[in-house]
Every structure is written in structure tokens, then in C-alpha cells.
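The block underneath contains the structure these notes are about, expressed in C-alpha cells.
The values are calculated or read from the model by the stated rules, or taken from the named source; none is laboratory data. Keep in mind that this is a model prediction, so the values were computed, not measured. Here the Cβ is made from the backbone with ideal geometry for all residues, glycine too, and neighbour counts use every protein chain on show. When the accessible area is computed, the model is the full protein with side chains, heavy atoms only, and any ligands, DNA or RNA have been set aside. Shrake-Rupley method; radii C 1.70, N 1.55, O 1.52, S 1.80 Å.
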Amino acid sequence: MKSKTRFLTEAGLIAAAYAATTYLCALWGLAYGEVQFRFSEALTILPLFTPAAIPGLTLGCLIANIGSPLGMVDVVCGSLATLIAAVGVRLVRHVRIKNVAWLAPLIPVVANALIVGLEISWFLPEGLTWAGFAGAALSVGLGELVVCYGLGLPLSILLDKLPIFKKDKD
């Protein structure tokens, strides 16, 4: 069992890394809106390795979304999507094909596509419509898919090889 200090330290470092990386993506116009390539979303695989990633990712997203043009709605909805994704990743951490957690990156893709897609479509000029939701969900989901599988999955494979993370997966 980890000490409380280690848990808080891990959560704090993950929160800081998520928020800082999101703000860097915001400089390039990639962090907010219908087209999102938040490199920080690669970190959503971290609950595979430590339960401290759940509050860390959630807090990091909350801090990152303070900079969102959608304001408090994005702080609440985006953080909720990240919390659901992090818990989901933690729950499927033992589901592996050839020792690779292929399912884990899909959880944040679906959570963000649905929740953030709904949030964005709510603010479209025509208001909330099925077509607007489908477009926003697809756009957010595709960006999430690229980052979670293109960066997050390789990161999880790399971390799986490090002995320090072997004991934290249970």
C-alpha cells in the first residue's frame, strides 16, 4: 500500500503535467473547441499504473479548462469526462491482449466524444441538434483517438516495461 504522501505527490505531478501540457497545446490552438489534439490526453492511460492518476487527471483537467473559452461549463463537463475516463481506465487495467492494454485508450475517447461533444454542440449557433452533436462528438472523438492511441498507447507499453510500475497495477 502506498503512503498518503506518495499518493498525493503522484496525483499532484500528474495534475501539473496534464494542465501544463494542455496550456502548451492551447498556444497552438489545439486544446479547446471542436478540433482538439490535447497531447495531455495521452496521460489518461496513467490509471493503468496508479490510482493517484484518477484525482490527478481530474484536477489537471479542471485547472486546464479554466483557460477554455466555454468557461465554467468546460471546467465542469470536461473534468467530469476526464474523471469518468480515468475511473474507466482503472477498471479495465487488467484487460489486455498480448500484454497490451488496447481497451484502455478507448475509454477516454468515448467519454470525451460524448460529454465534450454534447457540451460543444450545446453552444453552436443553431443550438443543440442531433447533427450538431454528431459533428462535435465525431470531431472531438477523432482528435482524442489520435492522441490516446498514437501517444497514450505507446506510453503505456513503455511504462509497462519499467519495473517501478509493475507493483502499482493492482
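If you count only protein heavy atoms with a 1.4 Å probe, what accessible area per residue comes out for the range 38-170, rounded to a whole Å²? Walk me through the numbers before you get to the answer.
Details: 6150 Å² over 133 residues.
Roughly 46 Å² per residue, with all protein chains present.
Leaving out ligands, DNA and RNA, and with a 1.4 Å probe, what % of the accessible surface on the chain is carbon or sulfur?
Accessible surface attributable to carbon and sulfur in the chain totals 78 percent.
Modelled label-to-label distance, Arg96 and Arg6, 7 Å Cα→beta-carbon offset: nm?
2.0
Grab every C-alpha pair in the range 54-127, bin the distances at 5 angstrom width from 0 up to the longest one, and report whole percents.
3, 17, 22, 21, 15, 10, 6, 3, 1, 0
In terms of the Cα gyration tensor, with a ≥ b ≥ c the square roots of its eigenvalues, is the chain rounded because a/c is under 1.5, prolate because a/b exceeds b/c, or oblate?
Numbers: a/c = 2.13, a/b = 1.60, b/c = 1.33.
Note, shape of the chain comes out prolate.
Given labels modelled 7 Å from the Cα in the Cβ direction, how far is it in nm from Ile66 to Trp28?
Here the answer is 2.4 nm between the modelled labels.
If you stretched the chain out fully between Ala17 and Ala131, how much longer would it get, using 0.36 nm times the residue separation minus the C-alpha to C-alpha distance?
Once the chain is fully extended between Ala17 and Ala131, it gains 37.6 nm.
In debye, nearest 20: dipole of the chain around its Cα centre with unit charges on the Cβ of K, R (+) and D, E (-)?
Taking the Cα centre of the chain as origin, the dipole is about 940 debye.
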